[in-house]
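The values are calculated or read from the model by the stated rules, or taken from the named source; none is laboratory data. None of these values were measured; they are calculated from a predicted model. Neighbour counts are summed over all protein chains in view; Cβ atoms, including those assigned to glycine, are modelled from backbone coordinates with ideal geometry.
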Amino acid sequence: MIKDARRAKGLNQQELCEGICTQATISNLESNRTLPNARTLKLIADRLMIDFNELMDLFPNKNGKNEILQSAKVSLRMKDYEKVRKILLKNSNLKKLSNNEVKEYHYYLGMAELLGNNNVPDAMYHFNLGLQVVDNRMDLIGISTLNGIGYAYFMNKESEKAKFYFEKSLTQLKEMRSGDDKFLDLVEFSKIYYHSAKYYSYVKEYDKSNDLLSKAIDLQKKEGELPGLEILYFEKGVNFALSNELTAGKKMIFIALALCEINLNEILITRILKEAKELGMNSIAYEK
């Protein structure tokens, strides 16, 4: 289906992947070897004008997720938090879900409440429901949920509680990554590093924050994920500036602005220019 749709559009693999992923990702997808992450697959489907849900139906065994959770996951990656809530609240019969799927359900809904509505109490409610599921496995959804609780405490300015959950999630993530990354959701890992980095920047541990941001950047590059890289470079630039390393900060800001152009992120461009000036990086020139 992917290959036929690509050829119908008159695109080669390099043209299809441009700005989305690597050519190897397209090749693996067309040969049915591996699936990219959900967000990448959604962007490929959009470029080819293929219905995303129809596309996912072609890979039921490789995907291993039901359609509702997959759609919620993609919408969360696209920052469409209201859509996440609508999808999940409309399909709230959890009896049909496995334990791991129930954990996913509550994690996605918790993040939508937290990031979309700044609703810490409801987010914590769903995170804790997810953690109550009887499952002794250390999995990515469980680690992400711990990290989500940390971010909720961080947003609520409860620094010590946030630290406990961030450190716990990072420790478990390190254990999970001690093996082969090949079959892991590296973009989800990147989010965990990013949320943790925001906390460590807030408590002025700028080196630790930048180390986590570098890990997030490396993972997104490994996945061929350009969208989202701009905010990671921007946060590194802010950390360098706050550490009085203005030259390094400017370099990160320049990269962030270039990525904003590629990813059509006009909102972040305005924010970057404003904060760069406030941080003493007045020599940065940029024309919209």
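Observations on the model:
- In the stretch 170-185, the residues that are at pLDDT below 80, in a helix (DSSP H, G or I) and either of a type in the set (Gly, Ala, Ser) or exposed (fewer than 12 other Cβ atoms within 10 Å of the Cβ) (or both): Lys182, Phe183
- Checking Leu94 against (1) at pLDDT 85 or above; (2) within 18 Å of Tyr125 (Cα to Cα), the condition it does not meet: (1)
- Exactly one residue among Tyr194, Tyr200 is in a helix (DSSP H, G or I) and more than 30 Å from Leu29 (Cβ to Cβ), and that residue is Tyr200.
- Ile149 being without any contact (Cβ under 8 Å) to a residue 60 or more places away in the chain, under 24 Å from Glu225 (Cβ atoms) and within 20 Å of the chain's Cα centre (by Cα): no
- Looking across Ala241, Ala276, Ala248, one residue alone is over 30 Å from Leu29 (Cβ atoms), touching a residue at least 40 places away in the same chain (Cβ under 8 Å), in a helix (DSSP H, G or I) and not aromatic (Phe, Trp, Tyr). It is Ala241.
- Complete set of residues in the stretch 50-78 that are of a type in the set (D, E, K, R) and at pLDDT below 85: Asp51, Glu54, Asp57, Lys62, Lys65, Glu67, Arg77
- Taking residues in the stretch 94-118 that are under 10 Å from Leu76 (Cβ atoms) and surrounded by 17 or more Cβ atoms within 10 Å (Cβ to Cβ), and partners anywhere that are among the charged types (D, E, K, R) and at pLDDT 90 or above, the pairs with Cβ atoms closer than 8 Å and at least 6 places apart or on different chains are Leu109/Arg85; Ala112/Glu82; Ala112/Arg85; Gly116/Glu82; Gly116/Arg85.
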